[in-house]
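Peer 1: Before I ask anything, here is the structure I am working with.
The values are calculated or read from the model by the stated rules, or taken from the named source; none is laboratory data. Because the structure is predicted, anything quoted here is derived from the model rather than measured. With ideal geometry, Cβ positions are generated from the backbone for all residues, glycine too; neighbour counts draw on all protein chains shown. All accessible areas refer to the heavy atoms of the entire protein, side chains included, with ligands and DNA or RNA removed. Shrake-Rupley method; radii C 1.70, N 1.55, O 1.52, S 1.80 Å.
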Amino acid sequence: MAEHNGHRKETIRSGIGAPLRRRETERLIQGMGTYSDDVQLPNQTYAAFVRSFHGHAEIRGINVEAARSLPGVLGVFSATDWEDVLGGIGPWPLASDAVYHVGQPIAVAVAHTRSAAEDAANTVLVDYEPLPVVLDPEAAMQPDAPLVFADTKTNLVREMHMATDDVDDVFARADKIVRVRTQTQRIIACPMEPRAMVASYDPATGELAIWSTVKGFYGLRNQVARMLGMPETKIRAIAPNIGGSFGAKNGVYPEEVLLPALAKYLRRPVKWTETRMEHLAASHHGRDQRNYIELAMRSDGRVLGVRDRMIGDTGADRAGSASVTAAFLYITGPYDIQTYGVDAYAVATNKTSHGSVRGIGKADASFVIERSMDVAARELGMDPAEIRFKNLVPEEKFPYLTATGATLDSGRYAECLQMALDLAGYDELRKEQAALRDRPTLKRGIGVSFVIEPTGAARRGSGGGYGACRLKMELSGIVSAYPAGGQQGQGHATAVSQIVADRLGFSPEMVQVFEADSLVTPYGAGAGSSRTSSTVMPAVLIAANQLGEKILRIAAHRLGVDARDLRLEGDVIRGSERQITLREVIQIAYQDVDRLPPGEEPALEVTGYFINPNHVYEFDEKGRRNEFSSYPYEAVVAVVDVDTETGMVDVLKYASVHDCGTMINPRIVATQHLGSIAQGIGAALYEEMRYDEDGKLLTGTFMDYLLPTAHEIPNLVLGHMETPTPFNPLGSKGAGETGTISAPCALGNAIEDAIGVELRQPPYTPERILRAIQSGKAIPALGMKAH
């Protein structure tokens, strides 16, 4: 891997901008971390779930008696036990009258050992009456389609419409209208650690303690409180080490409400750890969107307007996930397009419920516009890079208000694309491609893409618009930090310690960052949507500044000088002529409080809050709003060879230039971006959740659902730019998703460039490539206009 930095300021040795090693790494790779499954409590029991193996069926009966009689079994529970036995309130977490997708939980067994619980779950007998399934979202929209939910009148769970006033006029006067149909496949997150939970109830105090992989631990606490009729103050939610999420651990699943109820009823700790097969069948799926897009083009390559019809398959979900909403807002991507019309539909089918998977919605939007820009370039006889340069939002227009109401915060888009072209050696690549054109079966292709990554989502009623961090300087001088949100492997503890150290003038080793715990951590929405960099980290900065200012005020009062004339330098606060040790200031703050400045509160403890101002929560009269706070971006040039006899793809080069604003730790940004690209390559070439005609899952193990290994990841050439956002004091943006978003776009464009026929649906497997070659529609060559 090679790395290049554009406009990189001189590195600070240990503060903001320093490429420090992650503090967490050594402990975790040595197996010394504590994940939810590592939690072992006295008298701990284990849960196992009975899950549907039908895509759609009526439940005519559940026989649990044989399972309850097995040795070591403490109980077997179904939906009928939720209120009367478990004391639950509100919707049943278990299926009662019907199942709507494979993997839906129907019953749960609890036993002394995990194997006994699994044996009991396997012994439960469920009497099913299969019902018609609907798996195609467009078919599900038809009036005569089978209904996923019998108590509804339609499978359409959400629709949104928006159009600027001039759409029809712009399309009427366009020189050319480019029409493209794209489809993204259904995928799943597959983090290293599946979902897991341990719940323990103390009957003496009436308190529940929950260790969980859930991203939003406060959301979990609040939902458990509502559904069990308990005050939040009696529930402690703890997020220990988490082995990745990529969206899978967003939200609260039925299992995560049931375990606390079981622990409370049994008066015993209960543990459940999701298996890989359970993860594939029951954790949220993502993508799976169809788009019918039209571009109104001027003959010189300028995009005048966009129209889109968007259909998202949200699975067995009554509300529809945020995927369609996000895609609805960002189809125009990084381009200066002010004319836009969209009709968006979220449709229920008999598949696993849709939810967050890395790049939710924005990956679909980027795929649509980036594949369409290549189609437009070919139909106009232009180079793919040239048409992007012509349409990218220029630097002088930032902050840029899009047609959908989003405010793109900052960017040097053209410079970023040019840097990627230079890193890849684009002109030479095109010459090499031309020289290799006559090879009989091995075809060279070059793909370009440019994507934005909307980060820091905030929605009405869901939170996410602010960050918080509590800092406490201990008597020893060590700072205890409690950032809201928690981490899932991103390296937040290292970044937090760097920010605090930077503002207080000492080593990051003097900062102890604690895992998320509702007992001590400020309220927060969690680490999803790459929001930590744009909300929580600015709150850390604010808290550190507050703590530093308080230290200086106390020191100034003691020295009889102006606080503005002092500076923190490790263990000493220095002025031009006098100084005082930090230990003396700490003693005043905690013990000799009579020496505090008048009106100054004792102790060295602060909480910093930051509300990101770049959110608009309500749709306006035209359906516009700004759901995300910052917009990192990435330019990619990918080079492939495709064997037209086997359909195999060899990725020869992958050059990426990424801008996430101020990099708090460039080393962490680089590793986050590498992992993101790897996941994007998986989505581009390997991964797809597939069902048969009866709604049975065909990709229920890693034998069928393919993930890339290190061997499949090509040599990556990475470049970084830093264009700070004006909307937070750090200037930082999210850094976790652009690589995942870009890869299906760039590799799809490269493969289509190689084989010369339409291929608009990933994954680009050998079978799909060969079918496209054998029966596909030829595309114009670059530099040739379509007639």
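Peer 1: Any idea which of Leu131, Pro780, Ile713 is furthest toward the positive side of the dipole for the chain, if Lys and Arg beta-carbons carry +1 and Asp and Glu beta-carbons -1?
Peer 2: The listed residue farthest towards the positive side: Ile713.
Peer 1: Okay, moving on. Mind listing the phi-derived Karplus ³J(HN,Hα) values for the stretch 329-343, rounded to whole Hz, using 6.51, -1.76 and 1.60 with θ = phi - 60°, and x for any glycine or proline?
Peer 2: Values per residue, Gly and Pro as x: 7, 10, 4, 6, x, x, 9, 7, 10, 9, 10, 8, x, 8, 10 Hz.
Peer 1: Let me ask something else. Going from most exposed to least, what order do Ile611, Ile554 have by accessible area with a 1.4 Å probe?
Peer 2: Heavy-atom accessible area, descending, gives Ile611, Ile554.
Peer 1: Greater than 22 Å separation of Cα atoms is the criterion. Which listed pairs, Lys653/Lys733; Lys153/Lys351; Lys351/Lys733; Lys234/Lys472, meet it?
Peer 2: Going by Cα-Cα distance, Lys653/Lys733; Lys351/Lys733; Lys234/Lys472 fall outside the 22 Å limit.
Peer 1: For a quick check: with amide H placed at 1.01 Å from N, whose amide H comes under 5 Å from Met648's, ignoring anything fewer than 5 positions away on the same chain?
Peer 2: Sorted by chain and number, the residues that satisfy this are Asp643.
Peer 1: Starting from a Cα-only point model with no solvent, please compute log10 I(q)/I(0) by Debye for the stretch 159-309 at q = 0.13 1/Å.
Peer 2: With one equal scatterer per Cα and no solvent, log10 I(q)/I(0) is -0.69.
Peer 1: Would you list Val252, Val640 from the most to the least accessible area, probe 1.4 Å?
Peer 2: The most accessible residue leads, giving Val252, Val640.
Peer 1: Among rounded, prolate and oblate, which fits the chain when a ≥ b ≥ c are the square roots of the eigenvalues of its C-alpha gyration tensor, a/c under 1.5 means rounded, and a/b larger than b/c means prolate?
Peer 2: Oblate.
Peer 1: Test of the criteria: in the stretch 434-538, which GluC sites (Glu not before Pro) are in a DSSP loop and have at most 15 other Cβ atoms within 10 angstrom of their Cβ?
Peer 2: Glu474
Peer 1: I would also like to ask the following. How much accessible surface area, in Å² rounded to 10, belongs to the heavy atoms of Leu652 with a 1.4 Å probe?
Peer 2: Taking all protein chains as shown, Leu652 has close to 70 Å².
Peer 1: So, with +1 on the Cβ of K and R and -1 on the Cβ of D and E, and no other charges, what is the size of the charge dipole of the stretch 214-259 about its Cα centre, to the nearest 20 debye?
Peer 2: On the way: 6 positive and 3 negative charges, 25 e Å.
With only Lys, Arg, Asp and Glu charged at Cβ, the dipole is about 120 debye.
Peer 1: Mind listing the phi-derived Karplus ³J(HN,Hα) values for the stretch 385-401, rounded to whole Hz, using 6.51, -1.76 and 1.60 with θ = phi - 60°, and x for any glycine or proline?
Peer 2: 6, 4, 5, 6, 4, 5, 10, 4, 4, x, 4, 6, 8, 7, x, 10, 8
Peer 1: If the cut-off is a Cα-Cα distance under 16 Å, which lysines reach Lys215, setting aside same-chain residues fewer than 8 apart in sequence?
Peer 2: Lys249
Peer 1: Go through Ile187, Ile779, Ile478 and list them by solvent-accessible area, largest first, probe radius 1.4 Å.
Peer 2: Ranking Ile187, Ile779, Ile478 by accessible area, largest first, yields Ile478, Ile779, Ile187.
Peer 1: Using alpha-carbon pairs under 8 Å, 6+ residues apart, how would you state the relative contact order of the stretch 367-459 in percent? Please report the intermediate quantities before stating the final value.
Peer 2: Working: 53 pairs, mean separation 19.5, N = 93.
It rounds to 21 percent for the stretch 367-459.
Peer 1: Relative to 2.2 N^0.38 Å, what does the C-alpha radius of gyration of the stretch 158-232 come to as a ratio? Two decimals please.
Peer 2: Rg over 2.2 N^0.38 Å, computed on Cα atoms: 2.19.
Peer 1: Another question, then. Taking the Cα centre of each part, how many Å lie between the stretch 222-258 and the stretch 687-736?
Peer 2: The two parts, judged by their Cα centres, are 25 Å apart.
Peer 1: FRET efficiency for Ser476 and Lys777, Cβ-Cβ distance as r, R0 = 60 Å, nearest 0.05? Display every interim value, and only then the final one.
Peer 2: Working: r = 71 Å, r/R0 = 1.18.
About 0.30, to the nearest 0.05.
Peer 1: Now for a different question. Could you work out the relative contact order of the chain? I mean the mean sequence separation of Cα pairs under 8 Å and 6+ apart, divided by the number of residues, in percent.
Peer 2: 16 percent
Peer 1: Right, here's the next one. Return the calculated 222 nm mean residue ellipticity for the chain, to the nearest 500 deg cm²/dmol, obtained by summing -39500 (n - 2.57) across DSSP H runs with n ≥ 4 and dividing by the residue count.
Peer 2: After summing the helix terms and dividing by residue count, I get -8000 deg cm²/dmol.
Peer 1: In whole Hz and in residue order, list the ³J(HN,Hα) couplings for the stretch 544-550 that follow from phi through the Karplus curve 6.51 cos²θ - 1.76 cosθ + 1.60, θ = phi - 60°; x for Gly and Pro.
Peer 2: 5, 5, 4, 5, x, 5, 5
Peer 1: Whole-Å semi-axes of the stretch 245-353's equivalent ellipsoid, largest first, each the root of 5 times a Cα gyration tensor eigenvalue? Please report the intermediate quantities before stating the final value.
Peer 2: Numbers: eigenvalues 353, 33, 26 Å².
In descending order the semi-axes read 42, 13, 11 Å.
Peer 1: Tell me whether the stretch 700-787 comes out rounded, prolate or oblate; compute the Cα gyration tensor, take square roots of the eigenvalues as a ≥ b ≥ c, and use a/c under 1.5 as the rounded threshold.
Peer 2: Oblate, since a/c reaches 1.5 and b/c is not below a/b.
Peer 1: Moving on. Where the only charges are on Cβ atoms (+1 Lys, Arg; -1 Asp, Glu), what is the dipole of the chain about its Cα centre, to the nearest 20 debye? Show your work: numbers first, answer last.
Peer 2: Numbers: 80 positive and 98 negative charges, 174 e Å.
The calculated dipole for the chain is roughly 840 debye.
Peer 1: Continuing with this model, one more query. Using only alpha carbon pairs under 8 Å that are at least six residues apart, calculate the relative contact order of the stretch 458-575 and give it in whole percent.
Peer 2: The value is 30 percent.
Peer 1: Based on the alpha-carbon gyration tensor of the stretch 340-439 and its eigenvalue square roots a ≥ b ≥ c, which shape applies: rounded if a/c is under 1.5, prolate if not and a/b is larger than b/c, or oblate?
Peer 2: Oblate, since a/c reaches 1.5 and b/c is not below a/b.
Peer 1: Now for a different question. Counting only heavy atoms of protein chains, what accessible area per residue, in Å², does the chain have with a probe of 1.4 Å? Spell out each step's value before the answer.
Peer 2: Values: 29770 Å² over 787 residues.
Dividing the accessible area of the chain by its residue count gives 38 Å².
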